[in-house]
Amino acid sequence: MVKPPPIEFIQEWGVRGTEPGQLENPAGPAMDSIGRVYLLDRATRFVQKFETTGIPLLSFETYAAREADSIAVDSGGAIYVANSRAGTIQVFFPQGDPLRPMRVAPQRTSEGPFVFSIDADGRIYVPDAASARVQVLNSHGRILRIWRILPDAGEKVAHPFAAVVDSDAVYVGDAAGGRILKFARDGAQIAAFKAADSGEAPHFLGLAVAAKHVFALRGFPLQLEVWTEDGHRELVDTLGGRLSAIESAAYLAADAAGDLVVLDPQGRRVLHFRAHLDLP
């Protein structure tokens, strides 16, 4: 039996268009615990759910998607659509009916990716790059605590763009310093990850956690870093060069089983990979 590579390419999918199940100006992605993929489309105002293989499962239209830049899903299947510049998150029931709006710190001068997440207890972790902090909200949008992100060793002010949660920790991506910061649920910083040989780290595009590993998408050229939860960088993968032509944006999500998806917005396509990191 041939051993699969650590990061195995499975397939790519995506049909350009403005009908349900098609992609015109997509953003996201997010994945739920069983690997379904969630995207929003600013051109069509659709929020969409797909099987990992690209089979459409749900599509609903909402004005909230028109200027949104991020999407997340909680353990119950509720869908969160964020407009970081306006500082709004609209929450929807799993089938697309509106549930509630929320307010978060607006990112009016911020550019680049914006990644937030929800833990199993409904707490929402939202990066605030403009103020170098992470907001922690309850399921109704009330602020529970604020985590200040300290400058890096070179005194470079932090620019947290991603806050992703797993079962017992929260990982924050700092675009300014190229760092991955690990926090306990109470906000105590546990560790900071950055390769000793990285120098000026490539542009930070995405952060995800799955299968007891942390995945950092960087560019350009595009590459995927794989870290253990204790801060050891296991490998750097070019994803087979399938995204080598991308020069502006690509976004990452992962599920608990180690399936990874990368959204190429300009190409209107989703690439599906699988991580094999614990094989003998």
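Stretching the chain fully between Glu155 and Ser75 yields a gain of 25.1 nm (0.36 nm per residue, less the alpha carbon separation).
Take the range 1-111 with all the other protein chains still there, run a 1.4 Å probe, and you get 49 Å² of accessible area per residue. Along its principal axes, the range 1-153 has C-alpha extents of 46, 42, 30 angstrom, given from the largest down. Pull out a ≥ b ≥ c, the square roots of the eigenvalues of the alpha-carbon gyration tensor of the range 6-84, then state rounded if a/c is under 1.5, prolate if not and a/b is larger than b/c, and oblate in the remaining case. Oblate, because a/c is 1.5 or more while a/b does not exceed b/c. The orientation-averaged projection of the convex hull spanning the C-alpha atoms of the range 62-109 amounts to 3.2 square nanometres. Computed over the range 153-238, the percent of Cα pairs more than 21 Å apart is 21. Ignoring lysines fewer than eight residues from Lys194 along the same chain, the ones with Cα atoms less than 20 angstrom from its Cα are Lys156, Lys182, Lys212.
The chain gives an Rg/Rh value of 0.93, both radii derived from C-alpha positions and Rh following Kirkwood. Backbone geometry of the range 44-53 corresponds, through the Karplus equation with coefficients 6.51, -1.76 and 1.60 at θ = phi - 60°, to 3J(HN,Hα) couplings of 9, 6, 8, 9, 10, 10, 10, 5, 4, 7 Hz, x marking Gly and Pro.
Remark: relative contact order (the chain) = 16 percent; criterion is Cα-Cα distance under 8 angstrom and separation of 6 or more residues. Just the protein heavy atoms count here, and of the accessible area of the range 121-280 at 1.4 Å, carbon and sulfur take up 48 percent. Pairs of Cα atoms nearer than 8 Å and 6+ residues apart set the relative contact order; for the range 191-278 it is 22 percent.
Charged side chains reduced to their Cβ positions (Lys and Arg at +1, Asp and Glu at -1) give the chain a dipole of some 620 debye around its Cα centre.
Rolling a 1.4 angstrom probe over the range 12-78 with all protein chains present gives an accessible area of which 45% lies on carbon and sulfur atoms.
Which trypsin sites (Lys or Arg not before Pro) from the range 72-175 combine a DSSP loop assignment with at most 14 other Cβ atoms within 10 Å? Loop-located and lightly packed - Arg108, Arg142, Lys156.
Of the GluC sites (Glu not before Pro) found in the range 140-240, those that fall in a DSSP loop while having at most 14 other beta-carbon atoms within 10 Å are Glu155, Glu200.
The values are calculated or read from the model by the stated rules, or taken from the named source; none is laboratory data. Every value quoted in this text rests on a predicted model; they were computed, and no experiment measured them. Cβ atoms come from the backbone with ideal geometry, glycine included; neighbour counts cover every protein chain shown. Remember, those area values only see protein heavy atoms, side chains included, never the ligands or the DNA or RNA. Shrake-Rupley method; radii C 1.70, N 1.55, O 1.52, S 1.80 Å.
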